[in-house]
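Reviewing the structure listed below.
Derivation of every value follows stated rules applied to the coordinates shown; laboratory data play no part. Fair warning: this is a prediction, and the values are worked out from it, not measured in the lab. Because the Cβ atoms are built from the backbone with ideal geometry, glycine has one as well, and the counts that use them run over all protein chains shown.
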Amino acid sequence: MKITDIKTFVVGNPPPHFGGRYWIFVKLVSDSGIVGYGEVYNATFGPHIIAKMIEDVCARHVIGADPFKIEKLWRNVYGSGYTLRPDVSLMGVLSGIEMACWDIIGKELDKPVYELLGGQVHDKLRTYSYLYPNEGDRTDVYHDADLAAQRAADYVDQGFTAVKFDPAGAYSAFDPRQPSLDALDLSEQFVKKVREAVGSRADMLFGTHGQFTSSGAIRLAQRLEAYDPLWLEEPTPPENPREMSRVARHTSIPIATGERLTTKYEFARVLEAQAASILQMALGRVGGILEAKKIAGMAETHYAQIAPHLYCGPIEGAANIQISTCSPNFLILESIQTWGGFHADILKKPIQWENGYVIPPTAPGLGIELDEDVAMAHPYDGDSLHLEMADRPI
């Protein structure tokens, strides 16, 4: 079997833009006519530049290649241009391509990807969602603790057993910084009121975006500990796991990290430093499905768990589901609410979510199919990146 064709889709995610401003999909076609889809999570350049990067990598390494030869393809792309080091842009491109190869492999063998990576472990996958704003909200759910508590209770009533929120403040290219007293007070108020609203029916996941120094993150953690969050996410920037490990040593709250990391090499440093016990690989960035499986295996030896990250489209979400289903140390899966809205519209059959859980698909490959007509009807024509940091100190 050989890959004979490639196509990219840069899709504008309509309002309210949950999951980002745009999604980048890649389609590979084999010489037997089997189609595989992948998703690239890349925010370092404009999405149309990323699409050109995908085309360039495919022209050099993918067209004419056997999609079953994942390891060979991965090493050739990883070393492209004499790199052999984690490059967040290249790894995003490789992730989407690798994902599409697995989709083709599964379809050729008539098996879900998880059955090819050790087999199904979990019959259903526990999920969580951010507390998202609703149309008509009079205040900002990220800054109004009372509204957040009510929204958390509503999500729990839908079936969620965990909710995430990030009231600690904006993030900047000039971080890390010390949290202000206002940020500390609001953060403590959030966890207190959400805990009162959900009781023991749901875990609380406290999100930050690496905006604090180690000492500042420790101060924040001390405010939160009494309310027993399941995790404190990315309390310091991702570039220095030894500093994140200082936070881990000074709090009983489990530390989670990984959405900005790529490859087994960066995650190995996190585990070696004992910086986090919950790893949040984003499969559209980390290096793909097999790379995520290797990371999950490394995590097992440290008694660490995986909680795949999702602020992206549903094809990365489908890959997250595959790796979660076959990983014994799976903890919880990020959802964009209940996988409805545009996340459902752009698939021919939506991801199955029931009472707080995703039900792993039994269809071959990734278990989903992109509706290309919907994708092409929603082109992204903006110039903003998927996510952007403040360009001045906060």
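Below, the figures for the structure above:
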{"quantity": "Sum of side-chain charges, residue 299 neighbourhood, beta-carbon under 11 Å (Lys, Arg +1; Asp, Glu -1)", "calculated": "+2"}
{"quantity": "Rough spin-label spacing in nm, given labels placed 7 Å along Cα→Cβ, for residue 249 and residue 225", "calculated": "1.5 nm"}
{"quantity": "Centre separation in Å (Cα based) which lies between the range 351-372 and the range 57-114", "calculated": "22 Å"}
{"quantity": "Nearest-ten-degree value, helix 145-158 long axis tilted from longest Cα axis of the chain", "calculated": "50 degrees"}
{"quantity": "Tensor-based shape of the range 28-103 (alpha-carbon gyration tensor, a/c under 1.5 rounded, otherwise prolate or oblate)", "calculated": "oblate"}
{"quantity": "0 to 90° range, to nearest 10: angle between helix 263-272 axis and the chain longest Cα axis", "calculated": "30 degrees"}
{"quantity": "Amide hydrogen neighbours beyond the local backbone of residue 231, cut-off 5 Å, H modeled", "calculated": "206"}
{"quantity": "Cα gyration tensor category, rounded, prolate or oblate, for the range 1-134 with a/c compared to 1.5", "calculated": "oblate"}
{"quantity": "Charge dipole magnitude, Cβ of K and R +1, D and E -1 - the chain, Cα centre, debye nearest 20", "calculated": "980 debye"}
{"quantity": "In Hz, Karplus ³J(HN,Hα) per residue of the range 364-380 (6.51, -1.76, 1.60; θ = phi - 60°; x = Gly, Pro)", "calculated": "x, x, 6, x, 9, 9, 5, 7, 5, 5, 5, 4, 6, 7, 10, x, 8"}
{"quantity": "Sparse-neighbourhood loop sites, chymotrypsin sites (Phe, Trp or Tyr not before Pro) in the range 21-94 - DSSP loop, at most 12 other Cβ within 10 angstrom", "calculated": "82"}
{"quantity": "Cα pair distances of the range 224-309 binned at 10 Å [whole percent]", "calculated": "20, 55, 22, 3"}
{"quantity": "Two-decimal Rg/Rh across the range 73-176, once Rg and the Kirkwood Rh are taken from alpha-carbon atoms", "calculated": "1.13"}
{"quantity": "Beta bridges per DSSP with both ends in the range 115-364, % antiparallel, nearest 5", "calculated": "15 percent"}
{"quantity": "Local electrostatic count at residue 108 - Lys and Arg +1, Asp and Glu -1, tallied over other residues with Cβ under 15 Å", "calculated": "-1"}
{"quantity": "Stretchable slack from residue 344 to residue 387, in nm (0.36 nm times residue separation minus alpha-carbon distance)", "calculated": "13.3 nm"}
{"quantity": "Extension gain from residue 59 to residue 75, taking 0.36 nm per residue of separation minus the Cα-Cα distance", "calculated": "4.2 nm"}
{"quantity": "Cα-based Rg / Dmax (Å) for the range 328-394", "calculated": "16.3, 48"}
{"quantity": "5 angstrom amide H check on residue 306, placed H, neighbours 5+ away", "calculated": "279, 330, 331"}
{"quantity": "Between 0 and 90°, nearest 10: helix 181-198 axis offset from the chain longest Cα axis", "calculated": "80 degrees"}
{"quantity": "Rel. contact order, % - alpha carbon contacts under 8 angstrom, at least six apart, the range 115-364", "calculated": "21 percent"}
{"quantity": "Calculated over the chain: convex hull of Cα atoms, volume per residue (Å³)", "calculated": "130 Å³"}
{"quantity": "Most mobile listed residue (337, 150, 305) in the chain, GNM with C-alpha springs under 10 Å", "calculated": "150"}
{"quantity": "Prolate/oblate/rounded call for the range 148-212, Cα gyration tensor, a/c under 1.5 rounded", "calculated": "prolate"}
{"quantity": "Along each principal axis, Cα extent of the range 105-258, largest first, Å", "calculated": "57, 40, 28"}
{"quantity": "5 angstrom amide H check on residue 166, placed H, neighbours 5+ away", "calculated": "207"}
{"quantity": "Charge context of residue 259, other residues only, Cβ under 11 angstrom, K/R +1, D/E -1", "calculated": "-1"}
